[in-house]
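Take a look at the structure set out below.
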Amino acid sequence: MLSVKHIEAGYGESIILRDISLEVKPGQVVCLMGRNGVGKTTLTKTIMGTIKAKSGSIIYDEQNITKLAPYERAKLGIGYVPQGREIFAQLSVQENLLLGLEASRDRKNGVPASAIDKFPVLPSMYQRKGGDLSGGQQQQLAFARALASKPKLLLLDEPTEGIQPSIVYDIQEVIRSIKQQGDTAILLVEQSIEFVKSVADYYYILEKGAIVAEGSIDTFDDSVVRQHLVV
Amino acid sequence: MEVQLLQLFNGISVSSILLLIALGLAITFGLMNVINMAHGEFIMIGAYSTYVTQLFFTSNIPADYFGYYFVLAILVSFAVAFIFGFVLEISLIRFLYGRPLDSLLATWGVGLVLQQLARSIFGAPNVAVQAPAWLNGGLEVMDGIILPYKRLFIIALVAVVLLAMYLFIYRSNAGRRMRAVMQNREMAACLGISTRRVDSMTFAIGSGIAGIAGCAITLLGSIGPSLGTYYIVDAFMVVVLGGVGKLIGSVFGALGIGVTGTFFEYWTNASIGKVLVFIVIIAFLQWKPKGLVTMRTRSLD
């Protein structure tokens, strides 16, 4: 599905990611973990294409996408929920959702029910501006917007960060249900060890821009946590 | 009483012209934040397109149909200015996003080049565009008050352009893409929108609307290569006073400047009236630096 090979990337002259390789198989949930500032967001941005890789390659669906622009990657079926949600503040909730269809092949039928049904609170807010929503509501909107194009790969960058517990639970349930349907692979950046253990198939741990530990989720135990994640 | 009414009509008429020349700028400057000093030259291009359309009609089309040329001229003006804008965007403007001072200088240079181009093609002296017969004369609403058809036509034209722009920007898919890109370029790209294409289309549309303004201006008098320079300051004033980024702001901005300007000029004289308008605008912007209509929303963090 997605395979990142020996990626090096960063901002301007400074290099953040060094020789990163990872793989996401179809239908899998792969978690990317690590302390703050180790390059998790940089990696998702590099996969999405908003940061250009300096070397290495990104293969998606047997196609080399390393040189493609972000919008071309989105059209190939990569959905993205960025850190900080990035809702279009001046646009209505409905318009935000419709923009999620831009990458989709069939736009005529509107936003698919499968994207909205998971977030029952959204339809009641269609006419409100995206910027007037609370953080948790915005997060749900960003999630639904990413699902609108029925992506084959979802990049979720800390979807539960800074959100009230009940909505965190809702979002975790949504991730579980997507996994159960099995037709969307997920690369999830997540801090909650408990949730990762319950949902992931595979994990990678980043430290100083390099992958220091990886394995299937049953090898993810307390010693790994203590060594790489405890502050 | 009649005089006051006539002044009000004059004010609205001036506002409609101000608004028409500012609408294109409301897109290129208001939405895209490009300080386009060549905006006036796009108006000039529209005016000369109308002139050429008229020449074409007088030499190729039977005189009976001459009256219709103006309708076609509006479309031609839009198309020609649109193409010029499109070319300017892909050849120059796209390298200057986020660099206001550079784009100010570069577009000013482009403006001078375009003026010289017009001078080379059409000659330095002004040329007159003959208005179609159905726009001559006026509507007599009461004793001594005649509203010229040309002025009424421009007001109607502005209303139509404004409505079309509103529908395009706020109701169409392309308009939604446009607003998304202007608000959050990176996220729009991540959703599958080609920001390059949206940028060039948006700039071209803004330029095309300037072309329509140029077409309308041919009704007011003769046109020359430096026509645009008379209007560029007014256009920026309307957009800045109205509030950058909102279409409705430009409407209020134009009405404010047009109506108060006309009354100031009536009470004093033409030059003092202009000075008073400037003073009021400066004072107002001290009080509300963001203009008449500002965007309000819960701040995003």
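Bear in mind these aren't lab numbers, they're just calculated from the coordinates by the rules spelled out. Model, not experiment: these values are computed from the prediction. All Cβ positions, glycine included, derive from the backbone under ideal geometry; neighbour counts span all protein chains shown.
Tabulated results
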| quantity | calculated |
| --- | --- |
| Any chance B:Ala133 is more than 14 Å from chain A (Cβ to nearest Cβ), surrounded by 15 or more Cβ atoms within 10 Å (Cβ to Cβ) and in contact (Cβ under 8 Å) with a residue 24 or more places away in the chain | no |
| Search result, residues across the stretch A:105-115 that are surrounded by 20 or more Cβ atoms within 10 Å (Cβ to Cβ) and part of a loop (DSSP other than H, G, I, E, B) | A:Val111 |
| Residues satisfying the stated conditions in the stretch A:34-56, i.e. in a loop (DSSP other than H, G, I, E, B) and of a type in the set (Gly, Ala, Ser) | A:Gly34, A:Gly37, A:Gly39, A:Gly49 |
| Qualifying position, being within 14 Å of chain A (Cβ to nearest Cβ) and farther than 30 Å from A:Lys52 by Cβ, among B:Tyr170, B:Tyr149 | B:Tyr170 |
| Total residues in the stretch A:23-68, condition in contact with a helix residue (DSSP H, G or I) (Cβ under 8 Å, 6 or more places away or on another chain) and within 14 Å of A:Tyr203 (Cβ to Cβ) | 5 |
| Residues of the stretch A:1-56 that turn out to be among the β-branched types (Val, Ile, Thr) and free of Cβ contacts under 8 Å to residues at least 24 places away in the same chain, as a count | 1 |
| Restricting the stretch A:126-142 to residues that are part of a helix (DSSP H, G or I) and more than 13 Å from chain B (Cβ to nearest Cβ), the residue that is surrounded by the fewest Cβ atoms within 10 Å (Cβ to Cβ) | A:Gly136 |
| Any hit, the stretch A:63-73, residues being away from every other protein chain (no Cβ under 13 Å), under 27 Å from A:Ile163 (Cβ atoms) and either within 20 Å of the chain's Cα centre (by Cα) or part of a loop (DSSP other than H, G, I, E, B) (or both) | no |
| Which numbered condition A:Lys118 misses (of (1) part of a loop (DSSP other than H, G, I, E, B); (2) at the interface with chain B (Cβ under 8 Å from one of its Cβ atoms)) | (2) |
| Counted residues, the stretch A:91-115 - those being hydrophobic (A, V, I, L, M, F, W, C) and away from chain B (no Cβ under 14 Å) | 1 |
| Subset of the stretch B:173-194 [surrounded by fewer than 18 Cβ atoms within 10 Å (Cβ to Cβ) and facing chain A (nearest Cβ under 7 Å)] | B:Glu186 |
| Any hit, the stretch B:52-63, residues being touching a residue at least 40 places away in the same chain (Cβ under 8 Å), in a helix (DSSP H, G or I) and over 18 Å from the mean Cα position of the chain (by Cα) | yes |
| The stretch A:171-184 residues that are surrounded by 20 or more Cβ atoms within 10 Å (Cβ to Cβ), paired with ones that are not hydrophobic (A, V, I, L, M, F, W, C) (beta carbon under 6 Å, 6 or more apart) | A:Ile171/A:Pro159; A:Ile171/A:Thr160; A:Ile178/A:Thr184 |
| Of the criteria (1) under 17 Å from the mean Cα position of the chain (by Cα); (2) hydrophobic (A, V, I, L, M, F, W, C); (3) surrounded by 17 or more Cβ atoms within 10 Å (Cβ to Cβ), which one B:Leu220 fails | (3) |
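Residue-wise test of (1) surrounded by fewer than 17 Cβ atoms within 10 Å (Cβ to Cβ); (2) touching a residue at least 60 places away in the same chain (Cβ under 8 Å); (3) of a type in the set (Gly, Ala, Ser).
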{"position": "A:Tyr60", "(1), (2), (3)": "no, yes, no"}
{"position": "A:Asn64", "(1), (2), (3)": "yes, no, no"}
{"position": "A:Lys67", "(1), (2), (3)": "yes, no, no"}
{"position": "A:Val81", "(1), (2), (3)": "no, yes, no"}
{"position": "A:Gln90", "(1), (2), (3)": "no, no, no"}
{"position": "A:Asn96", "(1), (2), (3)": "no, no, no"}
{"position": "A:Gly100", "(1), (2), (3)": "no, no, yes"}
{"position": "A:Asp117", "(1), (2), (3)": "yes, no, no"}
